[in-house]
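Notes follow the structure.
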Amino acid sequence: MEKKELEYIHSFAEYVDRFIRLLIDYSPKLVSALIILFVGLYVIRFINRLVRKIMVKRELDPTLSKFLADSLLWALRVLLFVTFISKLGIETSSFVAILGAAGLAIGLSLQGSLSNFAGGMLIILFKPFRVGDTIEAQGVVGTVLEIQIFVTKLITGNNQTIFVPNGILSNGVIINYSMQGNRRADLVFSLSYDTNIKTAKDIVMQVMLNHPKVLKNPAPTVTVRDLTDSAIHLSIKPWAKNVDFGDMSSDILENCKEAFDAAGIVTQPFVREASKG
C-alpha cells in the first residue's frame, strides 16, 4: 500500500476517533436538551388546554379566547426553543438579536396588517358589534358572519360576502342595527294637495295598528313631514323587532297604498325612505 493511502487512512481514523470523543463529551448536554424539549412540549400543551378551559368557563368572546390561547402557545414555544438551544451550548444573545431585527423588519413591512390587527383587538375587546348583528360601515350593510383578527366578514342581503379590514372599520362610523333589539322604519308617502290630512293620517295609523309585526311600544307615529310645491309628505314611523323589520316596512308601504286607493286618496308617483334621524 502506498504511503499516501496510509496517511489518508490514518487521518480518517483520527477524525472518527475525535468525533466519537466529542459525541461522548457532548451527549449529556444533548440528552438533557432533548428531555427539556419533550417535557416542555407536553407542559405547553397542558397549559394551553387549561387556559382554553378557563376562558370557556369565564365565557370570554370565542375570537378573543382563540387569539389569546394561540398567542400564549407561540410565546411558550419560542421560550422553549431558546431554552433548548441554550442547553445545547449555543450562544443565545446573537440569536435573540437576530430575532429582534427580523421582528422590526417584519413590523415595518406589515404596517397595514398591524393596523388591522390592532383594529381587530379593539373590536374584540370593546364589542361595538357581535356575530349575527346587522351593521352599516364603510358604505356597506350586512350581517356579521365572523370577526377575525385582521378582517370582519359580512354577508349582504343579496348573499354577497364582504371582508372589511379591521383597521378602517374600528376607526370609522359603525351603525349597529341589532344592538337595541328594535328598529324604526322612517317612510314617506307623497300625497296630493286635495287630500284631507287628518283622514290620511287616520288611515295610516290604522294600517300600522292592524299589522301584527308593528310594535305597540314604542308606539308608531304619523306626522306631516313637509309641504312641497307639489305634494304633502307624510312621515310614517313604525317600530318592529330587528328580524321583522324588512317584512314590516314592505307591508306598511303596500297596505297604505291599498288603503289610500280604497279611500280615493291620490298618491304622488314615488314612495321613498326618508333620511335617518
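Touching a Ser or Thr at 6+ places or on another chain (Cβ under 7 Å) and either of a type outside the set (D, E) or not assigned by TED's automatic domain parsing to the domain that holds K237 (or both): does that describe I162?
It is true that I162 is touching a Ser or Thr at 6+ places or on another chain (Cβ under 7 Å) and either of a type outside the set (D, E) or not assigned by TED's automatic domain parsing to the domain that holds K237 (or both).
So, L30, is that one more than 21 Å from L125 (Cβ to Cβ), more than 22 Å from the chain's Cα centre (by Cα) and either aromatic (F, W, Y) or modelled with pLDDT of 85 or more (or both) or not?
Answer is no for this residue.
Does S170 meet the test of being farther than 30 Å from A231 by Cβ and not hydrophobic (A, V, I, L, M, F, W, C)?
Judged against the criteria, S170 is a match.
From the list M248, M208, exactly one residue is in a helix (DSSP H, G or I), hydrophobic (A, V, I, L, M, F, W, C), free of Cβ contacts under 8 Å to residues at least 60 places away in the same chain and within 16 Å of R183 (Cα to Cα). Which is it?
M208 is the lone residue from the list that is in a helix (DSSP H, G or I), hydrophobic (A, V, I, L, M, F, W, C), free of Cβ contacts under 8 Å to residues at least 60 places away in the same chain and within 16 Å of R183 (Cα to Cα).
State which residue is surrounded by the fewest Cβ atoms within 10 Å (Cβ to Cβ) when the search covers only segment 154-176 and only residues that are under 25 Å from I252 (Cβ atoms) and at pLDDT below 90.
The qualifying residue surrounded by the fewest Cβ atoms within 10 Å (Cβ to Cβ) is N158.
All but one of (1) among the aliphatic types (A, V, I, L, M); (2) surrounded by 15 or more Cβ atoms within 10 Å (Cβ to Cβ); (3) modelled with pLDDT of 75 or more hold for L64, so report the exception by its number.
Result: L64 fails condition (3) only.
Select, from R21, R52, the only residue that is at pLDDT 70 or above, under 30 Å from A75 (Cβ atoms), assigned to a helix (DSSP H, G or I) and among the basic types (K, R).
So the residue among R21, R52 that is at pLDDT 70 or above, under 30 Å from A75 (Cβ atoms), assigned to a helix (DSSP H, G or I) and among the basic types (K, R) is R52.
Counting only residues that are part of a loop (DSSP other than H, G, I, E, B) and within 13 Å of the chain's Cα centre (by Cα), which one in segment 142-189 is nearest to C256 (Cα to Cα)?
Here the answer is Q148.
Only residues that are exposed (fewer than 12 other Cβ atoms within 10 Å of the Cβ) and either of a type in the set (S, T, N, Q) or in contact with a Lys or Arg (Cβ under 9 Å, 6 or more places away or on another chain) (or both): list them for segment 200-222, please.
Those that are exposed (fewer than 12 other Cβ atoms within 10 Å of the Cβ) and either of a type in the set (S, T, N, Q) or in contact with a Lys or Arg (Cβ under 9 Å, 6 or more places away or on another chain) (or both): N210, N217, P218.
Tell me which of these E254 doesn't satisfy, since it passes every other one: (1) outside any helix (DSSP H, G or I); (2) over 30 Å from N116 (Cβ atoms).
It fails just one condition, (1).
Residue-wise test of (1) at pLDDT 80 or above; (2) exposed (fewer than 12 other Cβ atoms within 10 Å of the Cβ); (3) in contact with a His (Cβ under 7 Å, 6 or more places away or on another chain); (4) acidic (D, E).
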| position | (1), (2), (3), (4) |
| --- | --- |
| W74 | yes, yes, no, no |
| L79 | yes, no, no, no |
| I90 | no, no, no, no |
| F95 | no, no, no, no |
| L99 | no, no, no, no |
| A105 | no, yes, no, no |
| L108 | no, yes, no, no |
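The values are calculated or read from the model by the stated rules, or taken from the named source; none is laboratory data. This structure is a prediction, so every number in the text was calculated from the model and none was measured. Quick reminder, even Gly has a Cβ in these numbers, built from the backbone with ideal geometry, and neighbours come from all protein chains shown.
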